[in-house]
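What follows is a set of notes on a single structure, which appears directly below.
The values are calculated or read from the model by the stated rules, or taken from the named source; none is laboratory data. Just so you know, these numbers come straight off a predicted model, no measurement behind them. In this analysis, Cβ positions are derived from the backbone assuming ideal geometry, glycine residues included, and neighbour counts consider all displayed protein chains. With ligands, DNA and RNA removed, areas are computed over all heavy atoms of the protein, side chains included. Shrake-Rupley method; radii C 1.70, N 1.55, O 1.52, S 1.80 Å.
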Amino acid sequence: MYEILLFDIDNTLLNFDLAEEKAIHVALAHYDIEPTLEVVSKFKEINKQLWKKFELGKITKERLLEKRFEELFEFLGNIKYLENNISREINTYYLNQLANSSDLMPDAYEVLNELSKSHKIYLVTNGVTKTQTKRINNSSIKKFFNGVYISETIGIQKPYKGFFDYVFADLKIKDKKKVLLIGDSLTADIIGGINYGIDTCWYNFKTQESKDIRPTYEIKSLKELLDICIF
């Protein structure tokens, strides 16, 4: 049925939660901020909210990357770092640490190994180009990908139509029924795919509520993809 599989990267194939955890601990410690549970949790909360705003087109990628640390410094009352614009500097350091992490999601290697025998596999991500490229290149699953599409490079992000227009034009896809989009984000991946008229598979490993969003498939484990894609 499906010939082309479009995979999100973070928390779909690569473990972003783990990468974020490691990177923020190192970055905060490097800038003499104790990475307590409260501080790390606050950063994750800020980061998640800003990425949601980015998906909705309410903030630019450039502003997001700087603002997440501005908001963290405001939370900490660190006026010195705010006045000296350390936000940009620590963000660069954080991204460099993040780029070093290529830990896989459970069963990602085994599933991709099987799917690559019968499908063309492409990555579609809203991440930072330099960071994502390094993570992908350092991962053990790079060999399974036929191509990578990153919003920063394209100039428009998921879930917007323009992102998918670019991917489909570049791959010369004529029949949308041959494409399946797999991702963990309802707002970026699933809504984006639904609005574009392609089938979607929500990797709901965190067991969240989908509300009014109805993906074509919902899985808790990547292994379930084999039953969907291989007959």
On the basis of being closer than 30 Å to Gly162 by Cβ, surrounded by 15 or more Cβ atoms within 10 Å (Cβ to Cβ) and of a type in the set (S, T, N, Q), does Thr12 make the cut? yes
Between a residue in the range 209-231 that is closer than 20 Å to Ala188 by Cα and any residue that is assigned to a loop (DSSP other than H, G, I, E, B) and modelled with pLDDT under 90, which pairs come within a Cβ distance under 8 Å, given they are 6 or more apart or on different chains? Glu218/Ser210; Lys220/Thr207
Conditions: (1) open to solvent by less than 30 Å² (accessible area, probe 1.4 Å); (2) in contact with a Leu (Cβ under 9 Å, 6 or more places away or on another chain). Pro106 meets all but one. Number of the miss? (1)
Just to be sure, is Lys130 basic (Lys, Arg) and open to solvent by 10 Å² or more (accessible area, probe 1.4 Å)? yes
Any residue in the range 11-23 that's closer than 11 Å to Thr125 by Cβ and touching a residue at least 24 places away in the same chain (Cβ under 8 Å): show its pairings with residues that are in a strand (DSSP E or B) and among the small types (Gly, Ala, Ser) at Cβ separation under 7 Å, as long as the two are six or more apart or on different chains. Thr12/Gly183
Looking only at the range 30-48, and only at residues there that are assigned to a loop (DSSP other than H, G, I, E, B) and either touching a residue at least 12 places away in the same chain (Cβ under 8 Å) or in contact with a strand residue (DSSP E or B) (Cβ under 7 Å, 6 or more places away or on another chain) (or both), the one that is surrounded by the most Cβ atoms within 10 Å (Cβ to Cβ): Ile33
Condition set over 21 Å from Leu186 (Cα atoms) and among the charged types (D, E, K, R), scope the range 1-44, selection nearest to the chain's Cα centre (by Cα): answer is Glu21
So, of the residues in the range 144-158 that are touching a residue at least 12 places away in the same chain (Cβ under 8 Å) and either of a type in the set (Lys, Arg) or more than 20 Å from Tyr2 (Cβ to Cβ) (or both), which turns out to be most open to solvent (accessible area, probe 1.4 Å)? Thr153
Filter pass, Lys174 being more than 16 Å from the chain's Cα centre (by Cα), surrounded by fewer than 17 Cβ atoms within 10 Å (Cβ to Cβ), outside any strand (DSSP E or B) and on the phi > 0 side of the Ramachandran plot: no
Residues being more than 22 Å from Ile33 (Cα to Cα) and either in contact (Cβ under 8 Å) with a residue 24 or more places away in the chain or open to solvent by less than 30 Å² (accessible area, probe 1.4 Å) (or both) - total across the range 49-74: 8
